[in-house]
1. Roll a 1.4 Å probe over the protein chains and send me the accessible area per residue for the range 3-128 in Å².
2. Please go through the range 13-66 and write out the trypsin sites (Lys or Arg not before Pro) that DSSP classes as loop and that have at most 16 other C-beta atoms within 10 Å.
3. Would you mind calculating the relative contact order of the chain from Cα pairs under 8 angstrom and at least 6 residues apart, reporting the percent as a whole number?
4. Find how much the distance from A78 to T46 grows on full extension, using 0.36 nm per residue of separation minus their present alpha carbon separation; answer in nm with one decimal.
5. What length, rounded to one decimal in nm, is gained on full extension from A63 through to V125, with 0.36 nm per residue of separation minus their alpha-carbon distance?
6. Using a basic spin-label model with each label point 7 Å from the Cα along Cα→Cβ, how many nm lie between S32 and H17?
7. Tell me, what % of the accessible area of the chain is carbon and sulfur with a 1.4 angstrom probe?
8. Would you kindly derive the ³J(HN,Hα) couplings of the range 112-128 from the backbone phi angles with the Karplus curve 6.51 cos²θ - 1.76 cosθ + 1.60 (θ = phi - 60°), listing them in order in whole Hz, with x for Gly and Pro?
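The values are calculated or read from the model by the stated rules, or taken from the named source; none is laboratory data. Computed from a predicted structure; not experimentally measured. Here the Cβ positions follow ideal geometry from the backbone for every residue, glycine too, while neighbour counts run over all protein chains shown. Accessible surface areas use protein heavy atoms only, side chains included; no ligands, DNA or RNA. Shrake-Rupley method; radii C 1.70, N 1.55, O 1.52, S 1.80 Å.
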Amino acid sequence: MISLADYYMGRDVEYGHELDAQKRANAADTVSKVNLLLAAFGEQRTVNSGFRPAAINGATPGAAVKSKHMTCQACDLADPDGDLDEWALEHPGELELIGLWQEHPSATKGWAHFQIVPPKSGKRVFYP
């Protein structure tokens with residue numbers, strides 16, 4: 001299980017002014033859904049990237065300008081061997097039940113990206 005503290009990565013202290021009520025609600029929803037995913041997967045993972053304030057997102061190589069991490073609607077989990085990504089690809093029904101969308105593993109080597117809102121394509125597994 002991951003906690004809100006894991007998700008915030010200590011950034012809620014220095015960048016708390018960026019965390020309005022909506023972002024805090026999004027973070028709680030994201031953490032809850034990620035924990036349901038981890039329970040279904042059967043293994044624990046650590047957070048590689050949770051909440052990203054604008055300054056940190058801007059300094060993150062490859063980060064989308066309007067990253068869902070900035071609105072607390074996305075979470076990257078450590079996945080060094082790709083087994084979480086592989087499991088999620090094989091269980092799209094679980095993702096749908098939980099209410100998560102997955103960035104395609106070809107774009108996330110070493111981590112797995114999940115978000116609580118659909119991408120523009122609407123596809124459960126999407127390319128950035």
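1. Value for the range 3-128: 51 Å² per residue.
2. Answer in residue order: K66.
3. This gives 24 percent for the chain.
4. Length difference between fully extended and current span is 11.0 nm.
5. Gain on extension, A63 to V125, equals 20.5 nm.
6. Result: 3.0 nm between the two label points.
7. C and S atoms contribute 56 percent here.
8. After applying 6.51 cos²θ - 1.76 cosθ + 1.60, I find 10, 9, 10, 9, 8, 10, x, x, 4, 5, x, 6, 4, 10, 10, 9, x Hz.
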